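These notes are about the structure you will find just below.
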Amino acid sequence: GVVGVGQDITEKKQAEQAKTALADDLARLIDAANAPIFGIDVKGNVNEWNQMAARLTGYRKEYVMGKNLVDEFIMPEYKASVKEVLDNALNGRDTANYEFPL
């Protein structure tokens, strides 16, 4: 014989769709922001680069993605201080606004 069990997953699918829609909305908001926004992973590699970051730096998103921000794009005299600020941010320590040239 065969034994089967059924379960209504309508609510679960709706919650997943809502979460996906929210993530898509946030990604569009970041990309279209009037401020340069970038993201890095725990190794310092670029994993987000919005349109304004591309416009201000001249580096296309496709070019910077996956590259180490500090090693590849920060001027030598700023590397140590930028790395410290980013490391602090990655470790959950607050940092005041910090400007650096790319």
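Sub-9 Å Cβ pairs linking a first residue in region 29-43 that is of a type in the set (Lys, Arg) to a second residue that is surrounded by 13 or more Cβ atoms within 10 Å (Cβ to Cβ), at least 6 apart or interchain, are Lys43/Asn68, ordered by first then second residue. Taking (1) open to solvent by 70 Å² or more (accessible area, probe 1.4 Å); (2) outside any helix (DSSP H, G or I) in turn, Gly39 satisfies each apart from (1).
Cβ-Cβ distances below 9 Å connect the following pairs, each with a first residue in region 81-93 that is more than 12 Å from Gly44 (Cα to Cα), a second residue that is among the charged types (D, E, K, R) and part of a helix (DSSP H, G or I), and a separation of six or more residues or different chains: Arg93/Asp87. Count of region 10-36 residues, restricted to those that are surrounded by 10 or more Cβ atoms within 10 Å (Cβ to Cβ) and over 30 Å from Tyr63 (Cβ atoms), is 8. Here Glu16 meets the list (1) closer than 27 Å to Gly92 by Cβ; (2) modelled with pLDDT under 95 almost entirely, failing just condition (1).
Hey, any hits in region 70-79 for a residue that's of a type in the set (A, V, I, L, M), free of Cβ contacts under 8 Å to residues at least 40 places away in the same chain and loosely packed, with under 11 Cβ neighbours inside 10 Å? The answer is yes; a qualifying residue exists.
Is it fair to say Met52 is open to solvent by 60 Å² or more (accessible area, probe 1.4 Å) and of a type in the set (A, V, I, L, M, F, W, C)?
Working: open to solvent by 60 Å² or more (accessible area, probe 1.4 Å): no; of a type in the set (A, V, I, L, M, F, W, C): yes.
So Met52 fails the test.
The values are calculated or read from the model by the stated rules, or taken from the named source; none is laboratory data. Predicted, not measured: the structure shown is a model, and the values here were computed from it. No Cβ is skipped: glycine too gets one built from the backbone with ideal geometry, and neighbour counts run over all protein chains shown. Just the protein is used for accessible areas: all its heavy atoms, side chains included, with ligands, DNA and RNA removed. Shrake-Rupley method; radii C 1.70, N 1.55, O 1.52, S 1.80 Å.
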